[in-house]
1. Only one of 38, 49, 61, 57 is surrounded by 20 or more Cβ atoms within 10 Å (Cβ to Cβ), touching a strand residue (DSSP E or B) at 6+ places or on another chain (Cβ under 7 Å) and either closer than 20 Å to residue 94 by Cα or not polar (S, T, N, Q) (or both); which?
2. For the range 64-129, which fully contained helices (runs of 4 or more DSSP H) count at least 1 residues that are among the small types (Gly, Ala, Ser)?
3. Residue check, residue 222 against (1) of a type in the set (Ser, Thr, Tyr); (2) touching a residue at least 24 places away in the same chain (Cβ under 8 Å); (3) over 26 Å from residue 120 (Cβ atoms); (4) surrounded by fewer than 17 Cβ atoms within 10 Å (Cβ to Cβ), all met but one. Which one?
4. I'm trying to understand the selection: among the residues of the range 64-88, which are without any contact (Cβ under 8 Å) to a residue 60 or more places away in the chain and crowded, with 21+ Cβ neighbours inside 10 Å?
5. If we keep just the residues of the range 277-295 that are surrounded by fewer than 17 Cβ atoms within 10 Å (Cβ to Cβ) and closer than 16 Å to residue 141 by Cβ, which is modelled with the highest pLDDT?
6. Tell me which residues, restricted to the range 208-267, are touching a strand residue (DSSP E or B) at 6+ places or on another chain (Cβ under 7 Å) and at pLDDT below 90.
7. What residue, of 258, 286, 302, is within 14 Å of residue 96 (Cβ to Cβ) and among the β-branched types (Val, Ile, Thr)?
Amino acid sequence: MKKSLLICNPNSGKNNKDVLAKKCETVLKEYGYSVDIIFTKYAGHAKKIIADLSDDIDLVISLGGDGTFNEVVTGNLKRNKKLLLTHIPLGTTNDLGATFGMGKNPVNNLKMILEGTVKDLDICTINDEPFVYVAGLGKFTDIAYDTPRNLKKNLGYLAYMINAVKSFNQKTPLFEMSYTANGETYTGLYSLVLICNASRMGGLELLQDVKMNDGKFEVLMSNITTKKDIIRSLYLLKTSDITKVSGFYFFRTDNLKIKLKEPPKKRFCIDGEMLKTRTTEYEIKIVKGIKMLLPNSEIDKIFV
């Protein structure tokens, strides 16, 4: 019998985690897995759990939000022998789950996963801190980590919208910075920097034709600051390709170096959580070696 470990974040989503974990255990047993269940007890606990596991675990399942899966990936990268991962989304926006073609029913998602395919997944790092699908700096990017957890739990996506309205009404700062990518260096003033390895962020489909194992990540920058231009951009996001809208700059690369004139007041957001460090220099690159078991529904769309 194959061995599995279910790492469950009891603070993600609104489900009764004890009941849900038992339902997932039943499904896993039906598919030929023995199951251990561990509930995380503190921020960063999932990293330690997977980093300390024995090498004979056949599948590690993350049951929680995007931040929980980020922890699982981070812990896995610390291992000599990497373990096979998967993720069942329970958070507020669940960008990763939607990207992978999952719905809102965790048990159905698990069944789709167990009937799915193993794929290699590019992982980006920013100053050696891993992120799975997005790192962002600037307008609206701090909403994910600034929104209180109890509001997210009680109000769901509406909690983010409330903070988004507050951010919209605040002055939009510009970062004076230089960046180097694809052998060229550029300078400018920017209000938003997004580094992505997925098309979906903050519950919105921002980018097109993103592949999660092509050895590159996508970069979207903007220098818009006025409320009028922000509203126009949000409208065009729904009707056209945002990368071709005036005020936005887009490219793909496998290494990006950013140098800011001064440390930003708000830190980078990575997979919905706050980056630990606040500095003037950031290097973003790709590491390989992570394998995921994923549903088949979106594989042809998001993988080469």
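The values are calculated or read from the model by the stated rules, or taken from the named source; none is laboratory data. Predicted model, so just to flag it, every value in this text is computed and none were measured. So basically every Cβ, Gly included, is an ideal-geometry build from the backbone, and we count neighbours across all protein chains shown.
1. Values: 38 fails: surrounded by 20 or more Cβ atoms within 10 Å (Cβ to Cβ); 49 fails: surrounded by 20 or more Cβ atoms within 10 Å (Cβ to Cβ); 57 fails: surrounded by 20 or more Cβ atoms within 10 Å (Cβ to Cβ).
After ruling out the rest, the residue left standing is 61.
2. On the way: elements: 66-77, 95-99, 106-114.
The qualifying helices (runs of 4 or more DSSP H) are 66-77, 95-99.
3. Every listed condition holds for residue 222 apart from (4).
4. Initially, the range 64-88 is screened for residues without any contact (Cβ under 8 Å) to a residue 60 or more places away in the chain, giving 64, 71, 74-75, 78-81, 83.
Listed by number, the residues that qualify are 64, 71, 74, 75.
5. Only one residue fits best here, namely 278.
6. Across the range 208-267, the qualifying residues are 237, 242, 243.
7. On the way: 258 fails: within 14 Å of residue 96 (Cβ to Cβ); 286 fails: within 14 Å of residue 96 (Cβ to Cβ).
After applying the criteria, what remains is 302.
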